[in-house]
Amino acid sequence: MTEILLSLGSNVSPEQHLRAGLKALRAAFGEIACSPVFEAEPIGFKGTNFLNMAVRAWTDWPLEAVLAWIKDVEFAHGRPANAKKYAPRTLDIDLLTFGDLVCQEPVELPRPDIRKLAFVLWPLAELVPEQLLPGSAQSYRQLWSDFPKTQALWPVPFEG
């Protein structure tokens, strides 16, 4: 079984869509572990705040099947096929890591957003603090400790 780490986010009926994403993850992968949920201001556009979280799951699926499943779930929850990068989201699911795989194709792993976006890194630091970022000697806790805390981000209660 391969451990996968994912990021979930939404700013359109976010509690509803995060719950739907978690339900889909449980149906596909069984037991999952979840970080706390964080509220964050949107980056790159004006809009309502996002709810974001990280999820840990295990799979025997190949990478390409996981990527296809993610797209299917996003589309099933209202994501347009031609969605802009910086725009409102009903449900955004990003594969952050796939085991210890480091690659550029068919997707860049580990996802560069881990080192760039507080709403991706802080949930990971809460979920798997001592785990090392693949291809790195640093744990998620260390990465978060060194991260510039400039993005507005705060934990919020969530029942998922």
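The values are calculated or read from the model by the stated rules, or taken from the named source; none is laboratory data. Since the structure is predicted, the reported quantities are computational estimates derived from the model, not experimental observations. Glycine also receives a Cβ, built like all others from the backbone with ideal geometry; neighbour counts cover every protein chain displayed.
Observations
- Residue pairs whose Cβ atoms lie under 6 Å apart, sitting 6 or more positions apart in sequence or on different chains, and linking a residue in region 133-154 that is more than 15 Å from THR97 (Cα to Cα) to a partner that is in a loop (DSSP other than H, G, I, E, B) and modelled with pLDDT under 95, are ALA152/GLU41.
- Residues of region 2-43 that turn out to be crowded, with 16+ Cβ neighbours inside 10 Å, in a strand (DSSP E or B) and not hydrophobic (A, V, I, L, M, F, W, C), as a count: 5
- Breaking point among (1) in contact with a Leu (Cβ under 7 Å, 6 or more places away or on another chain); (2) under 20 Å from GLY44 (Cβ atoms), for TRP154: (1)
- Subset of region 100-114 [touching a helix residue (DSSP H, G or I) at 6+ places or on another chain (Cβ under 9 Å) and either in a loop (DSSP other than H, G, I, E, B) or β-branched (Val, Ile, Thr) (or both)]: LEU101, PRO106, VAL107, ARG111, ILE114
- Looking only at region 16-68, and only at residues there that are hydroxyl-bearing (Ser, Thr, Tyr) and closer than 25 Å to PRO88 by Cβ, the one that is modelled with the lowest pLDDT: THR48
- Checking each residue of region 73-82 against the condition of being among the hydrophobic types (A, V, I, L, M, F, W, C), under 13 Å from the mean Cα position of the chain (by Cα) and surrounded by 15 or more Cβ atoms within 10 Å (Cβ to Cβ) gives no match.
- Residue check, THR90 of a type in the set (S, T, N, Q) and more than 28 Å from SER139 (Cα to Cα): yes
- Condition met for LEU67 (in contact with a Leu (Cβ under 6 Å, 6 or more places away or on another chain) and under 26 Å from LEU143 (Cα atoms)): no
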